[in-house]
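The values are calculated or read from the model by the stated rules, or taken from the named source; none is laboratory data. Predicted model only: the values in this text are computed from it and were never measured. So basically every Cβ, Gly included, is an ideal-geometry build from the backbone, and we count neighbours across all protein chains shown.
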Amino acid sequence: MIFLKKLILLFIFILFMSACSTDVPSEQVTSEETFLEEVITTDLDIPWNLNKVENTFYVSERSGIIIEIHGSNGLKIDQTINVTKEILHEGEGGLLGFIVAPDFEQSKVAFAYHTYTQSGLVLNRIIALELEENTWKEVAVLLEEIPGGRTHNGGRIAIGPDGKLYATTGDAGQPDYSQDTENLAGKILRMELDGTIPNDNPFDYSYVYSYGHRNPQGLAWDENGTLYSSEHGPTGHDEINLIEPGNNYGWPIIKGDQQETNMVTPLFHSGDETWAPSGIAIKDNKIYVANLRGLHIRMFNLTDRTESIFYEYGGRLRDVLIEENTLYTITNNRDGRGTPQDDDDKLIKIKLSE
């Protein structure tokens with residue numbers, strides 16, 4: 001009799017659990033907690049920089065193409081680039097940073113950072129482009145002969161609240177370049193939109209705004225106009241830095257929490273873990289960082305100095321853009337270091353929590 005009662009109780013329990021799993025499947029709960037993710041478009045080829053003008057996106061691909069994407073239906077239009085020095089898509093080089101001008105809707109002007117070769121050297125340059133129909137034509141050279149290589153090209157460009165153009169450069173695989181303020185590698189650079197040197201730069205007659213960087217790939221300002229940057233470290237020790245003019249951020253002399261006189265340690269660093277942080281965006285005193293090796297968007301709270309994983313479902317992530325209560329990101333699973341799916345790479349829309 002006791003055995004029969006146990007069987008009846010077991011049967012009731014199984015029916016109850018089956019009903020629960022049918023009503024609230026675990027996958028559905030996970031999806032709802034992923035902030036209402038939506039894939040806007042697929043089949044991109046190593047996208048690098050993300051821009052949005054009204055409901056249209058402009059995305060640079062490392063091979064040397066700009067993709068215009070209509071946000072309403074995901075329609076893609078390939079736009080070619082006509083430049084005076086051929087874009088070198090090799091290793092981590094290629095068409096990297098690409099940002100539209102503040103008056104883009106009227107001027108159709110944008111700025112780009114790309115790798116090229118000259119006299120047997122791998123270099124990077126910053127140029128202005130103008131859109132005519134579906135072709136971007138080079139209209140001005142802002143800066144050339146930035147040291148480059150198969151790795152550590154930096155490449156992020158952004159226009160600050162001061163109206164100046166900022167650019168990150170990597171050490172080009174030569175760590176000593178980063179401590180040499182007369183060398184453009186391993187730096188954050190600052191210039192006028194016509195390529196001239198601002199009078200208030202920290203070093204006379206120099207584009208150098210900060211130095212001692214290894215391979216910075218993210219730039220963003222908070223609501224108070226404070227600049228932050230993300231930076232790739234050597235086997236871990238990736239960094240999030242608060243950038244101030246003239247400061248030395250230590251590479252290759254210090255990393256992580258190490259300290260040295262007149263050198264700045266990061267606000268956050270990854271320790272022995274590798275994030276490979278790239279594009280960043282800031283909202284409500286929180287820095288959102290696209291991570292390549294880490295396969296996630298990491299969030300750093302500047303108020304209480306905590307960090308957490310915001311999103312971890314897209315694979316390798318290259319850039320982030322925030323507009324109102326929505327975050328956009330692009331995957332980089334086809335860059336040779338990821339595991340691409342049939343529809344990679346993607347432009348993804350994520351609703352931020354209210």
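Selection of segment 55-78 for residues being assigned to a loop (DSSP other than H, G, I, E, B), closer than 20 Å to Leu352 by Cβ and at pLDDT 95 or above yields only Asn55. Only one entry in Asp222, Asp176, Asp171 is over 17 Å from Glu145 (Cβ atoms), out of contact with any Leu (no Cβ under 6 Å at 6 or more places or on another chain), surrounded by 14 or more Cβ atoms within 10 Å (Cβ to Cβ) and among the charged types (D, E, K, R), namely Asp222. So which residues in segment 295-331 are in a loop (DSSP other than H, G, I, E, B) and either at pLDDT below 95 or not small (Gly, Ala, Ser) (or both)? Answer for segment 295-331, where residues must be in a loop (DSSP other than H, G, I, E, B) and either at pLDDT below 95 or not small (Gly, Ala, Ser) (or both): Leu295, Leu302, Thr303, Asp304, Arg305, Glu312, Tyr313, Gly314, Arg316, Glu324, Asn325.
When Asp335 is tested against (1) crowded, with 17+ Cβ neighbours inside 10 Å; (2) within 15 Å of His296 (Cα to Cα); (3) in contact (Cβ under 8 Å) with a residue 40 or more places away in the chain, exactly one condition is not met: (2). Examine segment 338-351 for a residue that is surrounded by fewer than 20 Cβ atoms within 10 Å (Cβ to Cβ) and part of a strand (DSSP E or B), and state whether such a residue exists. Yes, because at least one residue in segment 338-351 is surrounded by fewer than 20 Cβ atoms within 10 Å (Cβ to Cβ) and part of a strand (DSSP E or B).
Do we have Ser206 as outside any loop (DSSP other than H, G, I, E, B), at pLDDT 95 or above and among the hydroxyl-bearing types (Ser, Thr, Tyr) here? Show your work before the answer.
Numbers: outside any loop (DSSP other than H, G, I, E, B): no; at pLDDT 95 or above: yes; among the hydroxyl-bearing types (Ser, Thr, Tyr): yes.
It is false that Ser206 is outside any loop (DSSP other than H, G, I, E, B), at pLDDT 95 or above and among the hydroxyl-bearing types (Ser, Thr, Tyr).
With respect to the conditions (1) in contact (Cβ under 8 Å) with a residue 40 or more places away in the chain; (2) closer than 25 Å to Asn82 by Cβ; (3) loosely packed, with under 14 Cβ neighbours inside 10 Å, Gly120 lacks only one, and its number is (1). For segment 139-153, the count of residues that are surrounded by fewer than 15 Cβ atoms within 10 Å (Cβ to Cβ), at pLDDT 95 or above and among the basic types (Lys, Arg) is at least one. Only residues that are in contact (Cβ under 8 Å) with a residue 60 or more places away in the chain and under 17 Å from Leu50 (Cα atoms) were counted in segment 291-326, giving 5.
Being polar (S, T, N, Q), buried (at least 22 other Cβ atoms within 10 Å of the Cβ) and touching a residue at least 12 places away in the same chain (Cβ under 8 Å) holds for only one residue in Ser72, Ser60, and it is Ser60.
Could you identify the single residue in His89, His114 that is outside any strand (DSSP E or B) and closer than 21 Å to Gly154 by Cβ? Spell out how you get there, then give the answer.
Working: His114 fails: outside any strand (DSSP E or B).
Result: His89 is the single residue among His89, His114 that is outside any strand (DSSP E or B) and closer than 21 Å to Gly154 by Cβ.
Determine whether segment 127-140 contains at least one residue that is outside any strand (DSSP E or B) and under 22 Å from the mean Cα position of the chain (by Cα). No, segment 127-140 has no match at all.
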